[in-house]
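The values are calculated or read from the model by the stated rules, or taken from the named source; none is laboratory data. This one's a predicted model, so the numbers in the text were calculated from it and none came from an experiment. When we count neighbours, we look across all protein chains shown, and the Cβ atoms used for this are built from the backbone with ideal geometry, even at glycine. Accessible surface is based on the protein model in full, side chains and every heavy atom, while ligands, DNA and RNA are left aside. Shrake-Rupley method; radii C 1.70, N 1.55, O 1.52, S 1.80 Å.
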Amino acid sequence: MKRVDQYIPLLITTQMIALSPHLSRLPLWIILWCLVFWGYTVLGVKNTWPLPPKLLRQVLTVCGFCGILITYGPVLNRDASVGLLCIMSGLKPLETATHRDRMIIIFMTYFLIISNLFYSNTLLVMLYMFLSVLTTTTVLIHINHPRGHLRLQVRQAARIMLQALPLMIILFFLFPRIQGNLWGLQRTASGKSGFSDKLSPGDIANLVQSNEIAFRVEFKDIMPPPEQLYWRGIVYRYFNGKSWIQEPRKMNRREALEGEA
């Protein structure tokens, strides 16, 4: 195995670890896309297969972009951005001839790890992201120092992450909070059909149909025919400038006295 080729299994392993949390939300064709090209790259290194020429890689890139447009439409939203990043991550290992190519794969893997924050920021996801960052950083160190011992490089990567932890905590408290996010991909607001004590027009972009029971009706006598039935639900009577509500909140006696004081 050539010295350049020895990095390919490690690079693809880091990409697979970073991609794993997205498997449940990615279309099947994107998953197969990555597996096919990653598998061909690894087998090509083992069996000395020729890598696709530059023209074929360009055609595959165009096909990947067209697949993203067909799947997600012309709007570059959150899902389309992650899908496009996965498409590029699947193709990039086909060209690792230079040190620059390998560094690009590493940085693409870091972006793939960060993209998990588009969907969840739970403790379990954060722990998995730290594990993925540790693996990617270890491979980054190994690429720049190939003669070093892998176990020592894992310790060095962990030490780097621990040294960065205080700075991360300081930035968390000092960095200003931004509405939305840095990528401008705000999460689409959605609502659920049914009854609610407040209605805010304009806050809901998508309406999810709910099959939950809204109310129950019992008749003392025989039920009237359907054409004579008329159901009246919640009536919103007051508007506070932003939302419709059933009625203003009533102040208790203590709040009224404090207001007069």
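Calculated accessible area for region 41-91 comes out at 59 Å² per residue, all protein chains present (probe 1.4 Å; ligands, DNA, RNA ignored). One chain, two ends: Arg159 and His145. Fully extended at 0.36 nm per residue, the span grows by 3.4 nm beyond their Cα-Cα distance. Distance between the modelled labels on Leu127 and Leu76, one decimal in nanometres: 3.6 nm (7 Å Cα→Cβ projection). Label-to-label distance for Arg25 and Leu56 is 3.4 nm, based on points extended 7 Å past Cα in the beta-carbon direction. Counting only Cα atoms, region 85-152 measures 37, 31, 12 Å along its principal axes, largest extent leading. One decimal place: the segment Met223-Phe239 gains 2.1 nm when fully extended, by the rule 0.36 nm per residue minus the C-alpha distance. Remark: region 68-77, residue by residue, has Karplus-estimated 3J(HN,Hα) of 5, 5, 5, 6, 10, x, x, 7, 8, 8 Hz, where x stands for each Gly or Pro and the curve is 6.51 cos²θ - 1.76 cosθ + 1.60 at θ = phi - 60°.
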